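Student: I am attaching a structure below and will ask some questions about it afterwards.
The values are calculated or read from the model by the stated rules, or taken from the named source; none is laboratory data. Quick caveat: nothing in here was measured; it's all calculated off a predicted structure. Surface accessibility is based on the protein's heavy atoms, side chains included, excluding ligands, DNA and RNA. Shrake-Rupley method; radii C 1.70, N 1.55, O 1.52, S 1.80 Å.
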Amino acid sequence: MEAKISIPSNALALLLAFLLCISLADATTTKNSSETYTNYLKKACNSTLYPQLCLESLSSYTSTIKTNDLKLCSKALSVTLKAASNTSKLVTNLSKGGNLSKTEAGIVQDCIDEMGDSIDMLKQSLKALGSLNGSDHIQFQISNIKTWMSAALTDETTCTDGIDERKISDEVMRKIRKTIVNIAMLTSNALALLNKLPY
């Protein structure tokens, strides 16, 4: 014999209304959180020299960053490091093209070396930033990270200065300069965000 459960229609309606309210509350909370994270990122990016680039480069990570300053700095550094690595590959590929004069080849090689140094500094910074939690010497570590990031920015600027100061073809100069300037702007933004850490 099968037992039938009889639920009064008003109880069923109340249950459905309750579930709908929970669902709407969840959606509202998610929307509010998303807006909070986006507003946090906008405010943080407004403290940088290149706020639009900051927002564009980090907006897809708001759900990871949330409103955490350390996560924001870490993600900004990660994005910068990835872009620097891609730029280094581009500059290396340009050097292998064989269409460069001896002078241009020397300038491009200098940029490759500078980008290598910059990438090393960014990697070191990211590693140190990742080990801040629980560190007894947070201010010392932050100071080191700022120094390394400033050195990375100097390396990037040295590359563009080398292009500006010497004769190099417009096409090669445009390709290299554009990507290096973008990396320098990302590095500048990451450093500005790091400077806002409350340590």
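Student: Report the rotationally averaged projected area of the range 64-195 based on its alpha-carbon convex hull, in square nanometres.
Tutor: Spelled out: convex hull of the Cα atoms, projected over all directions, averaged, 8.0 nm².
Student: Give the carbon-plus-sulfur fraction of the accessible surface of the range 64-195 in %, rounded to a whole number; probe 1.4 Å, heavy atoms of protein chains only.
Tutor: Answer for the range 64-195: carbon and sulfur cover 49 percent of the accessible area.
Student: Averaged per residue, what accessible surface does the range 29-131 expose to a 1.4 Å probe, in Å²?
Tutor: So the range 29-131 comes to 54 Å² accessible per residue, rounded to a whole number.
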